Amino acid sequence: MKIKNLYKKKSPVISFEIFPPNEKYPIESVFETIDELVKLKPDFISVTYGAGGTSRGRTVEIASRIKNIHGIEALAHLTCIGTKESEIDNILEELKKENIENVLALRGDLPKEGEIIEGDFKYASKLVEKIKKESALCVGGAFYPEGHLETNDLLDLFYLREKVKKGTDFLISQIFFDNNHFYSFKEKCEKLGINIPLIAGIIPVTNANQIKRITELCGSTVPLKFQKILERYANNPEALKEAGIAYAVEQIIDLLSSGVSGIHIYTMNKVDVTKEIMRRIEKVKDCLGEVG
Ligand code: FAD
């Protein structure tokens with residue numbers, strides 16, 4: 001099923017993100033994680049592409065397993081920077097062969113200073129345009145409630161609108177720790193006529209090093225309330241894990257009660273944490289029901 005139709009049919013849609021194992025490890029090492037995550041009955045699972053140095057070649061294979069063995073809708077991430085058009089063609093062909101109907105079209109992170117990479121795509125919008133022209137895939141994209149690190153807020157919104165005009169069907173957010181960023185971005189989108197589903201990406205923070213790395217990489221800010229939690233429990237992993245789960249659950253419940261179309265949980269492949277979040281939001285999400 002095309003994910004855009006899930007958002008029409010159901011509210012909220014609950015989805016997970018996982019990443020493929022690093023090439024040092026066999027691909028099978030993620031299968032147990034998937035087996036456990038599918039038991040939580042997410043509406044779809046997305047699989048990252050080359051993020052954090054993980055293998056690119058495994059995304060389609062893992063997405064195929066989710067879709068064709070477990071019967072759960074899969075969303076394959078695909079980045080385009082530094083990539084030749086023929087490589088993209090090959091991946092689109094593989095997706096078709098594996099019956100995968102959904103792709104998250106991304107630019108990918110810029111190369112490090114001094115590193116030169118050649119490719120046929122500069123921005124995600126060009127990838128969206130190509131996919132829409134040449135396939136029947138449902139296409140998602142990324143957005144940044146606090147703005148993207150490289151562009152000022154207004155310009156970023158302008159470029160986001162362009163990405164949507166090229167055919168993006170839904171948008172998943174970068175992580176954020178203050179829901180007000182999401183709400184005010186949504187308002188701006190509505191004013192600009194961006195009316196496709198905006199999905200809230202939520203990450204449960206369960207260790208102090210993780211948050212430093214992530215916020216440096218993506219520029220998301222940490223509100224004082226959460227900073228205090230991180231500082232207070234930095235040396236107590238069990239307490240921090242508990243507090244991180246509670247913080248994510250509080251964010252999710254607030255978003256659900258505000259009528260968000262979907263919650264995308266960045267699971268970081270942590271089954272126990274995801275399980276606990278799903279347990280705590282079970283009654284809240286189920287009482288919202290089908291879209292009338
Ligand atoms: P774009 O939409 O191309 O935007 C990138 C920047 O360029 C923005 O600042 C935008 O304002 C600007 N811009 C856009 N169009 C133009 C234009 N025409 N002229 C000038 N400037 C322009 N990375 C991975 O490597 N693998 C993954 O699997 C992955 N998954 C992700 C999933 C989500 C939900 C998110 C939010 C991010 C993910 N990323 C992933 C990270 C992503 O690749 C980076 O954040 C990247 O820096 C931007 O990607 P984008 O698709 O948003 O780019």
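So what is Rg over Rh here for the range 1-71, counting just Cα atoms and using Kirkwood for Rh?
Rounded to two decimals, Rg over Rh is 0.99.
Distance between the 7 Å Cα→Cβ label points at residue 90 and residue 29: 2.4 nm.
Rounded, prolate or oblate for the range 80-172? Axes are the square roots of the Cα gyration tensor eigenvalues, ordered a ≥ b ≥ c, and the cut-off for rounded is a/c under 1.5.
Working: a/c = 2.23, a/b = 1.25, b/c = 1.79.
Verdict is oblate for the range 80-172.
Measuring spread by the Cα atoms of the range 32-80 yields a radius of gyration and Dmax of 10.7, 32 Å.
For residue 143, the residues 5 or more places off, or on other chains, whose built amide H falls under 5 Å of its own are 172, 173, 174.
Let me make sure I get this right: for the range 102-229, a, b and c are the square roots of the gyration tensor eigenvalues over alpha carbons, sorted descending. Under 1.5 in a/c it's rounded, otherwise prolate if a/b > b/c, else oblate. Which is it? Oblate shape, in that a/c is at least 1.5 and b/c is the bigger or equal ratio. Just how far, in whole angstrom, is the range 139-202 from the range 116-131 if you go by their alpha carbon centroids? What the calculation gives is 19 Å, centre to centre. Each residue of the range 118-124 is assigned a 3J(HN,Hα), and the resulting list reads 10, x, 9, 10, 9, 10, 4 Hz, derived from the Karplus form 6.51 cos²θ - 1.76 cosθ + 1.60 (θ = phi - 60°), x at Gly and Pro. In this structure, the amide hydrogen of residue 46, modeled 1.01 Å from its nitrogen in the peptide plane, lies closer than 5 angstrom to those of 16, 17, 18, 75, counting only residues at least 5 positions away or on a different chain. Under the convention that each Lys and Arg Cβ holds +1 and each Asp and Glu Cβ holds -1, the size of the dipole of the range 108-227 around its Cα centre is about 320 debye. Taking every DSSP beta bridge that has both ends in the chain, the antiparallel portion is near 5%. Put a plus charge on the Cβ of each Lys and Arg, a minus charge on the Cβ of each Asp and Glu, and nothing anywhere else: the dipole of the chain about its Cα centre is then about 620 debye. Given 37 °C and 0.692 mPa s, how large is the Stokes-Einstein diffusion coefficient of the range 1-133 in µm²/s, with Rh as the Kirkwood radius over Cα pairs? Rounded, D is 211 µm²/s.
Rounded to a whole number of µm²/s, how large is the Stokes-Einstein D of the range 222-292 at 20 °C and 1.002 mPa s, given Rh as the Kirkwood radius over C-alpha pairs?
159
Going 7 Å from the Cα of residue 9 in the Cα-to-Cβ direction, what parts of the range 71-113 have a backbone nitrogen less than 15 Å from that spot? Residues 71-75, 101-102 qualify, since their backbone N sits under 15 Å from the label point. 3J(HN,Hα) couplings calculated from phi for the range 204-214 with the Karplus curve 6.51 cos²θ - 1.76 cosθ + 1.60 (θ = phi - 60°) are, in sequence order, x, 8, 10, 8, 5, 5, 4, 5, 5, 4, 5 Hz; Gly and Pro show x.
Cβ-to-Cβ counts within 10 Å put 287, 218, 189, 138 in ascending order as 287, 218, 189, 138, the fewest first.
Computed over the range 166-292, the range of Cα coordinates on each principal axis works out to 46, 33, 25 Å, biggest value leading. Ordering 136, 104, 159 by the projection of their Cα atoms onto the charge dipole of the range 47-182, which places +1 on the Cβ of Lys and Arg and -1 on the Cβ of Asp and Glu, puts 136 at the extreme positive end.
For the range 111-163, the gyration tensor built on C-alpha atoms gives an oblate shape. Its axis ratio a/c (a ≥ b ≥ c) is at least 1.5, and a/b is not larger than b/c.
The calculated FRET efficiency for residue 246 paired with residue 162, based on their beta-carbon distance and R0 = 51 Å, is about 0.85.
Taken over the C-alpha atoms, the range 90-136 has Rg and Dmax values of 12.9, 39 angstrom.
How large is the Rg to Rh ratio of the chain when both quantities use alpha carbon positions and Rh follows Kirkwood? Intermediate results must be reported in sequence, preceding the final value.
Numbers: Rg = 18.3 Å, Rh = 19.5 Å.
Answer for the chain: 0.94.
Charges on Cβ only, +1 for Lys and Arg, -1 for Asp and Glu, centred on the Cα centroid of the range 200-292; of 200, 234, 247, which one is farthest towards the dipole's positive end? Result: 234. In sequence order, the range 167-174 has phi-based couplings of x, 4, 8, 7, 10, 10, 7, 5 Hz under the Karplus curve 6.51 cos²θ - 1.76 cosθ + 1.60, θ = phi - 60°, and Gly or Pro positions carry x.
Here, each number is a calculation from the coordinates, and none is a lab measurement. Keep in mind it's a predicted model, so treat the numbers as computed, not measured. Don't worry about glycine lacking a Cβ; one is built from the backbone with ideal geometry, like all the others, and counts go over all protein chains shown.
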